[in-house]
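Student: Just dropping this structure here.
The values are calculated or read from the model by the stated rules, or taken from the named source; none is laboratory data. This one's a predicted model, so the numbers in the text were calculated from it and none came from an experiment. With ideal geometry, Cβ positions are generated from the backbone for all residues, glycine too; neighbour counts draw on all protein chains shown. Each accessible area value is taken on the protein alone, full model and side chains, heavy atoms only, with ligands, DNA and RNA left out. Shrake-Rupley method; radii C 1.70, N 1.55, O 1.52, S 1.80 Å.
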Amino acid sequence: MLEENRPEVLRMEIESLSRNEEFARVVVSVFMARMNPTLEELDDVKTAVSEAVTNAVIHGYQGNGGIIYLEVEILKQELTVTVRDTGIGIPNIAQAMEPMFTTDPEGERSGMGFSFMEAFMDEVRVESEPDKGTVVTMKKKING
């Protein structure tokens, strides 16, 4: 029996491959189903997870492979999702979080990943250090 003030936690490591973005989304949505979320809350979280994992694949590892660490915590009605990579890091977090900013202007990226995360989650925190990686922590209250 879990204690009232102790979170339920899911930890997972996935390879930095584009195809694992959908897998991460589905795993998080199944795990959070026990919170009885609305379809809108479920879609919001899935979109935010998708953006965070895609950022790790495209920008963190630049397609060169690596491991993405996913941690999901449920404490009462608050969901916390942490996506971490040990890739190239972000030299200027404030600039990276600006809408339309992208380090891949020649590619298909819109530069809206962080904006989507902020729009769909209640709180988004980004920590990064060049050559050490990035940690994106997102929180959302689930009202169900």
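Student: I need a count of the residues in segment 114-134 that are closer than 18 Å to P7 by Cβ and surrounded by fewer than 20 Cβ atoms within 10 Å (Cβ to Cβ).
Tutor: Residues meeting the conditions: 3.
Student: May I pose another question? Go through segment 37-90 and count every residue that is open to solvent by 40 Å² or more (accessible area, probe 1.4 Å) and closer than 11 Å to V135 by Cβ.
Tutor: Final tally of qualifying residues: 4.
Student: All but one of (1) out of contact with any Asp or Glu (no Cβ under 9 Å at 6 or more places or on another chain); (2) more than 19 Å from M121 (Cβ to Cβ) hold for E41; state the number of the condition that does not hold.
Tutor: (2)
Student: Now for a separate question. Quickly run through segment 24-36 and pick out the residues that are surrounded by fewer than 15 Cβ atoms within 10 Å (Cβ to Cβ) and either within 14 Å of the chain's Cα centre (by Cα) or β-branched (V, I, T) (or both).
Tutor: Those that are surrounded by fewer than 15 Cβ atoms within 10 Å (Cβ to Cβ) and either within 14 Å of the chain's Cα centre (by Cα) or β-branched (V, I, T) (or both): V26, V30.
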